[in-house]
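Novice: Encoded as structure tokens, here's the structure I'll be asking about.
The values are calculated or read from the model by the stated rules, or taken from the named source; none is laboratory data. For clarity, every value in this text was computed on a predicted model and none was experimentally measured. Positions of Cβ are generated from backbone atoms using ideal geometry, with glycine treated the same way; all protein chains shown enter the neighbour counts. Ligands, DNA and RNA are excluded from the accessible area calculation, which covers all protein heavy atoms including side chains. Shrake-Rupley method; radii C 1.70, N 1.55, O 1.52, S 1.80 Å.
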Amino acid sequence: MIRSRKAHNFTTRTAIYNSIEESRQRHTVKSIAMLCSLLYASTPIADGNDRIYQFDIAAGSMSKALDDFSDTSNLDINYPAKVVNEVKSLGLKGRYTTEQALQQLLKGSDLSYRMTGDSTVTVERIQLAEAKDPTTMPAVRVVGRAVYDSADPYNPDYRLPNATTATKTDTPVMETPYSIAVVPKQVLEDQRFIRVEDSIRNVAGVTSSYANGGDSDFFIMRGFENINLYRDGFLLPSALGGGTLKRQTANLERVEVLKGPGSLLFGRNEPGGVINLVTKRPQATPYHSVEQQFGSYDFYRTLVDSTGAITHDDTLLYRVNLSYENANSFRDFVKTDTVFLAPSFTWNISNRTQVNLDIEYQHFDNTNDSGIPPIGNRPAPVPRSRQTGDPFNNKTVGDRAYVGASWSHEFNDNWKINHRFGAEFLDKGSDFTFFIDAATADGNLKNLDENFGNGGVRGFNNGIGVSQQNYYTTLNLTGKFNTAMLEHSTLWGFDYFVIDDQQAGSECCAALPIGANFNVFNPTYLSSAPNLASNPGPDMSQEWYGLYWQDQIKFPFNVYGNVGVRYDNANGVNKATGLTTTDDDHFSPRGGLLWKPLNWLAVYGNYTENFGPSNSLFRSVDQQALPPRTGEEWEMGAKTEFFDGRLSASFAYFELIQKNMSVPDPVNPNISRAIGEQESRGYEFETAGEILPGWRIIGAYTHMPFANVIKDVGFDGGPGNTGNRMFNTPHNFGSLWSTYAFQGGDLQGLKLGAGVNAASQSQGTNANTFQLPGYATLNLMASYGLNLGKSRVTLQLNANNLLDKTYYQGTNSGNMIGVGSPRYFLGSVKVEF
């Protein structure tokens, strides 16, 4: 039986089948193979059907998927019902031309398609000729541009059309009325990134910074500091506990960045935005890779990635990511020794029900980088290797383990529920933190005495027995329905966190005999570990839950709306003192509107309120916890697509303000008041994608003319930092990266790339006591890939800061300045099979 959306004469197909049967009887296998390959090679869709459509086809039966495809594309689809009903579809979501969508929809099946009219497509099974000679048929070649799933390990795209971070649903960026940037896997591989901060340089409005002796992931987003990272849409607990550990990236698929407040979906956060790390998921198609990296300063890193099906019917899937890193540094006494293992599993119970299990384990044995101090209004003019911290006790050793489980069920094509649970455990035997003040003109740094007397400016704190246990759970219900002319995609959600941080004690503070000086020009380090004063450590606990609702609305005339509201409630206590550290609740609304007057152009605007971090470290006059920080932002912008969606560009203007920041009371500096305010305003521009076949580009530029403290109080009751520029916020910064992969001829397999990162001068503190000079660095890459049997081997060399410029990667808002890397080479050999 032939299934058709319209009546269709199938005589032609039958005649062709009869022709194949006669040929099989009369000709050799070679002739049959030629005829079959001509018949079943997917012919391109007519030129008039190259329009891009938004497809949202659920996984399930192929017949249902083809019917949904027909409804969206307005093409008549003919197919043999008996054959197609036996095939399952993985579904299709995203923006594609009809040809691209069909290729993706039929990928992995034994079905092919051909055009049998201007608006009619025939789908049928690929037949292999039967003959006594068992010669294998040649592979069928699909005509047209290759289409890749976003998670395909071989996806070369620099631009992904959809993102989840802005809405917690898979939504086209061109239909999202917020500023969202995606750094895909191919960009990360071409730049051979190692840390999260390396990937963020491709995003407008965001710069990496420096805190906790370089041990933390620390960023400045639209002028505001941010230590919070998210993993697959959920807060990484160790970041909430203080951002004390840089994240490993071996299992990272891509990075999504939502600019501006993200409180609606993510709860309390800094107002600058949300950085979401999307991890690699198990795939049914087998893929395996082994990569060895080696670089300057004795850098060695081994990575393994393996995924595939455990069962023959693809019901059980697995993925394992492994990395081992051992490296020294251009900085004195600094080293890294880390093991990371991340297995994950997917159980496809049915077409509509799925269960996932994720595990991560990391062992780390690293040393701290104390940076350099300022002298006068500039960083101290010392060699880039110079260390102000002593090598003894300068150690961060421990283990981190994460276990997460989730399940989801589709009630039908419109309604879906998913639930997640996660637990993370962090144990550190020691947690070293060094702190310094500005050096004198002759380079001297004093030492702190045991009682913090004499206004000392050099010392350290060694945390003993640091332990964190963090748990979260979340439940989401998504649904689609129509009201009159409006199409709704709604989200209801609940999340709950429990965070426990304990520290057995700490040792502090003098690094040399009292009264002795440390000179940055002529350093003298300890020859043995010092005797430190021991203090009891804190024992902090916090509970936090949130309820949220969001509605994405499609209006007539290509107008898209997004509205929502969230309620948060957080309570915390220092169990060692009994003091309440957090007692906050807040409603956070958000709304945006986008209009697509043309298929390649969208304009939008939004308003968002923010529920910021707790002021838990500061107390009011009655010893009560201060109210939390809050914020609000107005934003407007435009988004464009070119070359059938292969290249995108966006522009955004924002005004962002944060309120209720703690400032010292002018009468009693031992207490605080929540009256401080900071504001930033600026423009952002981003572009990513493919200009010509093989020529790809990603670029970002930010102009932030205003990023100031607008309300403050000094210890003496004066204006404090009012009117000063916020630290680590250049007026101008950006990046540009481009690669070209040769498409044919003798140079096929060769790829060349180049890029630049640049920033203007920035302030080192909110008091504007010193400045970090502007800089520009040049980066190059070259790679060559070749096929060896069934394997793909890629050789690659990256050169970062090729011109060996001296630059600084930020400060801790005080006097510890992070030093940028000198010229650095990184080579790699990667085998994929």
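Novice: Considering amide H positions built from the backbone, and no H for Pro or chain starts, which residues 5 or more places from Arg254, or on another chain, come under 5 Å of its amide H?
Specialist: Amide H neighbours of Arg254: Val278.
Novice: Same structure, new question: What do you reckon, how do Ser813, Ser73 stack up by accessible area (1.4 Å probe), largest on top?
Specialist: Sorted by accessible area, descending: Ser813, Ser73.
Novice: Any lysines with Cα under 18 Å of the Lys107 Cα? List them, leaving off those in the same chain fewer than 8 positions away.
Specialist: Lys64, Lys88, Lys93
Novice: With a 1.4 Å probe and every protein chain left in place, work out the accessible area per residue of the range 615-754 in Å², rounded to a whole number.
Specialist: Each residue of the range 615-754 exposes 45 Å² on average to a 1.4 Å probe.
Novice: In the structure shown, do any of Lys280/Lys639; Lys416/Lys790; Lys335/Lys446; Lys280/Lys480 have a Cα-Cα gap over 30 Å, and if so which?
Specialist: Lys416/Lys790
Novice: What is the calculated FRET efficiency for Gln748 to Lys575, with r their C-beta to C-beta distance and R₀ = 45 Å, to the nearest 0.05?
Specialist: After rounding, the FRET efficiency stands at 0.10.
Novice: Another question, if that's okay. Taking θ = phi - 60°, what integer Hz values does the Karplus form 6.51 cos²θ - 1.76 cosθ + 1.60 yield along the range 205-219, in sequence order, with x for Gly and Pro?
Specialist: Each residue's phi maps through the Karplus curve to give x, 10, 10, 7, 9, 9, 7, 6, x, x, 7, 10, 7, 9, 9 Hz.
Novice: Does anything in the range 569-588 have its amide N under 18 Å from the 7 Å Cα→Cβ label point of Asp539, and if so which residues?
Specialist: Counting backbone N atoms under 18 Å from the label point, the list is 572-582.
Novice: Using θ = phi - 60° and the Karplus curve 6.51 cos²θ - 1.76 cosθ + 1.60, what whole-Hz ³J(HN,Hα) does each residue of the range 99-105 get, with Gly and Pro shown as x?
Specialist: Per residue, the Karplus-derived 3J(HN,Hα) values read 5, 4, 5, 5, 4, 5, 5 Hz.
Novice: Follow-up. Averaged over all directions, how much area does the convex hull of the C-alpha atoms of the range 646-699 cover when projected, in nm²?
Specialist: 5.7 nm²
Novice: Quick one: order Ile227, Ile372 from most to least accessible surface, probe 1.4 Å.
Specialist: Largest accessible area first, the residues go Ile227, Ile372.
Novice: Let me ask another. Contact order normalised by length for the range 558-702, with contacts defined as Cα pairs under 8 Å and 6 or more residues apart; what percent is it?
Specialist: 16 percent
Novice: Per the Cauchy relation, a quarter of the hull surface: what is the mean projected area of the convex hull of the alpha carbons in the range 269-314, in nm²?
Specialist: For the range 269-314, the mean projected area of the Cα convex hull comes to 6.4 nm².
Novice: Under 26 Å Cα-Cα from Lys711, which lysines qualify once same-chain neighbours fewer than 8 residues away are excluded?
Specialist: Leaving aside lysines fewer than 8 places away in the same chain, those within reach of Lys711 are Lys259, Lys659.
Novice: Expressed as a whole number of Å, what is the distance separating the alpha-carbon centroids of the range 357-411 and the range 469-489?
Specialist: 36 Å
Novice: A follow-up question, please. Sequence-distant or interchain residues sharing an amide H contact under 5 Å with Gln763, placed H: which?
Specialist: Here the answer is Asn728, Thr729, Leu772, since their amide H atoms fall under 5 Å of that of Gln763.
Novice: Cα to Cα, under 17 Å, and not fewer than 8 places away if on the same chain: which lysines meet these conditions relative to Lys751?
Specialist: Within the straight-line limit of under 17 Å, Lys751 reaches these lysines: Lys185, Lys830.
Novice: Can you give the charge dipole size of the range 227-367 about its Cα centre, rounded to the nearest 20 debye, using +1 on the beta carbon of Lys and Arg and -1 on the beta carbon of Asp and Glu?
Specialist: Charge dipole, the range 227-367, about its Cα centre: 380 debye, nearest 20.
Novice: Quick one: how many Å² of Phe481 are accessible to a 1.4 Å probe, rounded to 10?
Specialist: 80 Å²
Novice: For the range 778-829, which whole percent of the accessible surface, found with a 1.4 angstrom probe, sits on carbon and sulfur atoms?
Specialist: In the range 778-829, the share of accessible area belonging to carbon and sulfur is 58 percent.
Novice: Now for a different question. For the range 809-815, take each phi angle, set θ = phi - 60°, evaluate the Karplus expression 6.51 cos²θ - 1.76 cosθ + 1.60, and give the result in whole Hz per residue in order, putting x for glycine and proline.
Specialist: Going residue by residue, I get 9, x, 9, 8, 6, x, 10 Hz, with x marking Gly and Pro.
Novice: Non-local amide H neighbours of Ile671 (under 5 Å, H modeled in plane, Pro and chain starts lacking H): which ones?
Specialist: Excluding prolines and chain starts, which carry no amide H, the hits are Asp665.
Novice: Dipole of the range 275-363 (Lys/Arg Cβ +1, Asp/Glu Cβ -1, origin at the Cα centre): which of Phe340, Val355, Pro282 lies farthest to the positive side?
Specialist: Result: Val355, furthest along the dipole toward the positive end.
Novice: Right, something else. Mind giving me the nanometre distance, one decimal, between the label points for Thr440 and Tyr471, set 7 Å out from Cα along Cα→Cβ?
Specialist: Distance between label points: 5.5 nm.
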